[in-house]
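No lab work stands behind these numbers, since they all come straight from the coordinates. On a predicted model such as this, the values are computed, not experimentally measured, just so you know. Glycine also receives a Cβ, built like all others from the backbone with ideal geometry; neighbour counts cover every protein chain displayed.
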Amino acid sequence: MAPPLPLLAVRGSDGTTLLQGPPKCAEYPAFQRDARSSKFVTFSKDGSLFSWCNNDKVSVVKTSDGSSVQDFDLPKASFLEFSPQNKVLATWQQYTKTQDNPQGDPNLQLWDLQTGKCIKAFYQKKLQGWCPSWADDESIAVRNVNNELHFFEENNFETIANKLHLQKVSEFALSPGCKPNKVAVYVPGSKGGPSFVRLYQYPNFGGPTSALANKSFFKADRVVMLWNKKASALLVTASTEVDKTGASYYGEQTLHYLATNGESAVVQLPKNGPIYDVVWSPNSTEFCAVYGFMPAKATVFNLKCDPVFDFGTGPRNAVYYSPQAHILVLAGFGNLQGHMEVWDIKKYKQVSKPQAADATFFSWCPDGEHIVTATCSPRLRVGNGYKIWHYTGTVLYKEDTAAGQELWEVQWQPFPAGTFPEKPIKYQAAPSELGSTEAKPTQAYRPPALRNKPVTASSKLHEEEPPQNMRPGAAGVQQMSKSALKNQKKREAKKASKQQEKADVPQTEPEPTPTPANPAPASVSSGDHELDKKIKNVKKKLKAIEELKEQQASGKPLQKNQIDKMQKEAQLLKELEDLELGL
């Protein structure tokens, strides 16, 4: 049986609609377009239900045939979320109070999708973390209430089954999957003390000794915690609002790793600068980070936090794994120009390099073959629209929003794992009438005074690094140890410091003239002018080779002619030996 065609929800100023997808997209006949502008749309976790709120009511329909499940009279509802087993619909609206009602009404409501009745209503003033977090089997649900975690069992929200209180729990992340459930909690530091993240297994909350893992660190105003799919490890990106060294406008970030077996580590990133994005692979055995001052580096790490593959540098600030974990996309959106690099993650081979200019949104289709990019308002109010791509770089479908209208959101229908099997990766561009947007290589801007002069390392604005497998002498994918990473980072910092010192010096001092106290190195002469000239030329070539070897050892990419020159070293040494025999 062929897998189903995924649906694409499109929300804009002209209403809400469902399209049946790739490669071509047409309106889904089972769903009647809602011409009223919607505040929010969402699919259930398994994609079987679709819900939206349109300033009049909240509607829930089945995606299989568009039939109605429930309608809720909630004209002010702004956010919606389904529980994992589709038993509960959570709705949130802005908290308000009046003179007649100074306390206000509960603004977070949990609805039974079978009966349509309200199970429980809570006060939830902040939008951040508004929705309870459910385990995948809905055996427990968690809320953060006044810096304390409240646990509810089997959707019984009248009784708090367990509590976790640790000073001031600021953030938490419930693990995916079913029992045994785990929860990560973050407690910010106070009075000069460190912040910390701890992992617990529900319901063992006896204190620090009952924690599965613990990691403390400084320099953290906020954190983002990310579980892998198997719930065996957690990544924590810790950020400060201000970088006290003044090196970064984005503040300062560090990346930490915790595992449920008690292991923890700081992930060593070889380039200084912001951490733009960190994503787990769906296979849960590796993760990819995009980091460092532009052009940013991207590296895949294993569960030991050792680098598996280095993608070099480029204009990127986001990373996306395909649902099948076989393709990885590095992209630069927002204030970058929309360049994308599509990689076969098993062979570490680049598949395509398309460009989605002005894109503000990217998402993989559940089939692992198609992606959608969109330019949405309010991020950009002009040029709104979306494109459906094949990962080989061709545009299969394009929809431009009409003049005077805005596109607010596009969203793929999710599917249970295994619905779409992994297919062999193709390297030849998929056929399309709209063609490809393969990014053309562009030359860096050079001031008029340098345009007729050769390009040198000192004239480059940024030092670019090619991917690991495209560097001279690369024999394949190799791993670097943690100590090698630390040494590389130290070398880069030392190199940057030296360059700054040179820039501060107004002029260089001339080399000393040879004097009797400072004699020039003596050279042995054979008395044969031609022989001396040949020896001098050979030594000059060997010295150049030594310089090239030093450059290669420092990680600088070499040209093909330079590599060819290095391969002649043995021949030149033999030639020098023969010439010196004639002295």
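Numbers at a glance
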item	result
Positive-end extreme of charge dipole, the stretch 142-262 - chosen from HIS256, THR237, PHE151 (charges on Cβ)	HIS256
Cα Rg over Rh - the stretch 142-262, Kirkwood	1.00
FRET efficiency estimate (nearest 0.05) - Cβ-Cβ, ARG222 to ASN55, R0 35 angstrom	0.60
Net +/- balance of residues flanking GLY368 in space, Cβ distance below 10 Å, scoring K and R +1, D and E -1	-2
Size-normalised alpha-carbon gyration radius of the stretch 289-411, reference 2.2 N^0.38 Å	1.10
Translational D in µm²/s for the stretch 222-306 (Stokes-Einstein at 20 °C, 1.002 mPa s, Kirkwood Rh from C-alpha pairs)	162 µm²/s
Shape parameters for the stretch 536-582, alpha-carbon atoms, Rg then Dmax in Å	11.8, 39
Chain lengthening between ASN147 and LYS346 when straightened (0.36 nm per residue, less Cα-Cα)	67.3 nm
Above-threshold pairs, the threshold being 32 Å between Cα atoms, out of LYS45/LYS346; LYS62/LYS398; LYS215/LYS556	LYS215/LYS556
All aspartates and glutamates inside 13 Å of LYS349 as judged from Cα atoms, apart from same-chain residues fewer than 8 positions distant	ASP310, GLU341
Order of CYS365, CYS118, CYS131 - criterion: other Cβ atoms within 10 Å of each residue's Cβ, fewest first	CYS118, CYS131, CYS365
Unsatisfied cross-links (Cα-Cα over 28 Å) in the set LYS120/LYS163; LYS533/LYS568; LYS24/LYS57	LYS24/LYS57
Distance in nm between pseudo-label sites at GLU27 and LYS168 (7 Å out along the Cβ direction from Cα)	5.3 nm
Rounded to the nearest 20 debye, dipole of the stretch 142-262 from Cβ charges on Lys, Arg, Asp, Glu	300 debye
Environment charge of THR159, counting only residues whose C-beta is closer than 11 Å and scoring Lys/Arg +1, Asp/Glu -1	-2
Between the stretch 382-434 and the stretch 174-191, the Cα center-to-center distance that results, in Å	35 Å
Whole-Hz couplings from phi, Karplus 6.51/-1.76/1.60, listed for the stretch 221-228; x for Gly and Pro	8, 7, 9, 10, 10, 9, 7, 7
